[in-house]
Structure formats: C-alpha cells, structure tokens
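First up is the structure itself, then whatever we jot down about it.
The values are calculated or read from the model by the stated rules, or taken from the named source; none is laboratory data. Remember, it's a predicted structure, so these values are computed and weren't measured experimentally. Here Cβ is always computed from backbone atoms with ideal geometry, including for glycine, and neighbour counts include all displayed protein chains.
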Amino acid sequence: MGHDINEYELIPQSINSSAAAREANDVHFERSITVSEDDVLLHKKLNKKQMIAYNVIIERIFSNKAGAFFIDGPGGTGKTFLHRALLATIQSMGYIALATATSGVAASILPGGRTTHSRFKIPIDLDENSSCNISKESSLARLIREAKLIVWDEVSMAKRRMIEVLDLLLKDLMNTYVLFGGKVVVLGGDFRQTLPVVRYGKKEDFIAQSLLYSTIWNELEKLHLSENMRARIDPTFCHYLLKIGNGQEQVNLTNKIEIPDPLIIPYTTEKESLDKLFAATYSNLNPSYCDLSPTDSRVILTTKNDFVDEINDVLIDRFTGKSKTFIATDEALDFNNQAQFEDLLHTLHPPGLPHPPVNTKVDMWFNVENAYWLRDRVSEKA
C-alpha cells in the first residue's frame, strides 16, 4: 500500500484528502484489480452443484437480466470458492465485480474484498429511516451502476435491515423498483452458523433480525451446495455436523447434544490429556526434524487466546534445537510521541499474531520476525 504524504513533512500543516479524493482512489482500485492466472481457472475446479450455480449466474449476467441469488450450503461446501470463481471470471474480462462480506475476515479472503458497510456506506447503527451515504452523482455511484456483479459473503451474519438498505440504494441508483435495482447480486451464507448479533437478545431475537424474516428472502433464487469439500475423506463426520446444523441430532434429557465417545479425549490430568490431544492431532509430527508440513492442514481450536499461547508454548518446547527469543519494538511514527504512546503500543495485540516476547526453535524464526515487524507497523498505525 502507498504511504501517507504527511510522513514526508513537506509542509508544517497536515494534508487531509477530501472525501471525494478518497472515493476516487477506491474507484481506481476497483478498476485496476489484477486477476491471477490461478483465479481465472478456478471455475474449472468447481464440483457439479457449484458449476450449476456458476452457469446460472454467469448466464444471467451476460444476458443483461436481473438476478438476486442466495448461495446456501453448510460450512465447507465451497461458497466462498464459488464467489471467487465468479469474481475472477467477470474481472478478468475487464468488467466491474464488487466483492463484499459482512465481516472483515471474510472480506479479506475475496480479491479486492471490502466489508459491506465500507463499500456501500451503510451506517453502523441502523434504524427504519437509515440509508446509504452515497450521492447519485458521485464516482462511487457510477462504479456501482457499472458493476456487472455484486457479491456479499456471510450475509447470514447481517441484520436484515442491512440487506434492505442495500436494496433501496440500488433501486435509487438504477431508477427502478426491481429488486436490487435489477443488478445481479449474489448473497452467500449459512444460517446454521452465526446469526446477527442482538445485544441481550435471545434465540428468537437473532432469528427475527436475520435475512429469513425480510420480505427480500422470498424473492431470492436459492442455489444449494451440499458436497463438503473440506472433509470429503470423512463423510460420517460431515453427516454428523450437518445433522447438528439442521437440528436433527438427538439430545439427552437435559436437551444437550452428546458428542460420540470416539470424538472425545477424556480428561485425566492437564499434561496427560494434552499429550493425547497432540498425538491425535499431529500423529506424524517428529520433533527431531524441521519438516513442519504435517501441521499445514491440522489445527487445534480453543476458546481463548491465552489457551492458544499456552498450547503453542508446549508444542514449541517439544522441538529440539536452539531456542530463539524475539522481542517486539514498538515505535510511534513521530518520535516526539514515543514517550506518550509507548506504553499504549505495548498493550496492543493484533489478532492472529503472537504476543511478545516469543520463544521459538528450528527454522520458524524468519516467519516470526516478519510477523513481529508487521505487528510493529500495525501498532504504529493504531
């Protein structure tokens, strides 16, 4: 990414770009997205149901007809993969395709992805009178009008009012009362997973705020995916997860789902139970070698970041070799602010990066160093 012009201290005053200039930069970014050769070929890797959905949507785009689709499928069935294939096909032809998602993490997976709030200027605090803050004469409005495709991933996490506000925006920009202004819009999500968050709400409140309770839901064309691409080698486990998501798994007398014994490592002592967990998860990992490939497709999930750090420390201790300790250095962009903000910078721990200091062994040091350089830069910007 580019640098801020104020970093070069050309003049005493700070230079603040106008909203119009920032918007123009966003539009330029969308028009200059480069599609990799691998992404262009993604549509050739689609399974049968993905290909059916892909063909239906592509046909609708190039026949210049309206299309509002919902891609439904449990986690692992390749909804995001399908979205990437659609985006790559349209963008590689020089057309505009807008990639958005409800969360920043989901948006980061899509090429050129932005959160839906950011892309369409949807207010964070929505009410019945809210609308998107986009002028019909702005460059962003022109970009949206030109878009051949709009993708919204993880829409099941969004409150229904967000989708309704987008519908109103597109109708306004396209001067029509057709759903989503007659644009081809692809929504994807899984209502078996996280629903919209309602503060102090109950189950029925979450459901009532979801897309399912919007008048838009019945107007969407549903395209279903069912083949779990993440766990094809374990169909029994996939079926078990699907039954839980669909509310079909049996419950006990306390209305709880009982996990089958083969999936449980009984607790004895913390050390003994962790040993069994490590052996089950990384059965081919030999601590005497530097080959970490057995860890590429395996992961241990836990409830808190503190537990993640503890488990990582235990695993690293099992590797042979000389230990290295890395300490992050937090620096403010302006040296004069270092004393004022240094303590604050030390408290910032960006998600997904280890907390300093970190101890590591074997050949992991290069990645750790780069991770800490990135952490420092993030802290500086914060």
Looking at residue 34 and the list (1) in a loop (DSSP other than H, G, I, E, B); (2) at pLDDT 90 or above, which single condition is not satisfied? (2)
Just wondering, is there one or more residues in region 270-285 that are polar (S, T, N, Q), more than 22 Å from residue 307 (Cβ to Cβ) and outside the structural domain of residue 311 (by TED's automatic domain parsing)? no
From 223, 170, 242, grab the single residue that is surrounded by 14 or more Cβ atoms within 10 Å (Cβ to Cβ), at negative phi, assigned to a helix (DSSP H, G or I) and in contact with a strand residue (DSSP E or B) (Cβ under 8 Å, 6 or more places away or on another chain). 170
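If you go through region 199-220, how many residues are in a loop (DSSP other than H, G, I, E, B) and within 20 Å of the chain's Cα centre (by Cα)? I'd like the intermediate steps shown before the answer.
Step one: of region 199-220, the residues in a loop (DSSP other than H, G, I, E, B) are 199-202, 209-210, 214-216, 220.
Right, trim to within 20 Å of the chain's Cα centre (by Cα) and you get 210.
Residues meeting the conditions: 1.
Tell me, yes or no, whether region 178-189 has at least one residue that is surrounded by fewer than 16 Cβ atoms within 10 Å (Cβ to Cβ), in contact (Cβ under 8 Å) with a residue 40 or more places away in the chain and not polar (S, T, N, Q). Can you show your working first?
The initial filter retains those residues of region 178-189 that are surrounded by fewer than 16 Cβ atoms within 10 Å (Cβ to Cβ), namely 178.
Retained after the next criterion (residues that are in contact (Cβ under 8 Å) with a residue 40 or more places away in the chain): 178.
Of the ones still in play, those that are also not polar (S, T, N, Q) are 178.
The answer is yes; a qualifying residue exists.
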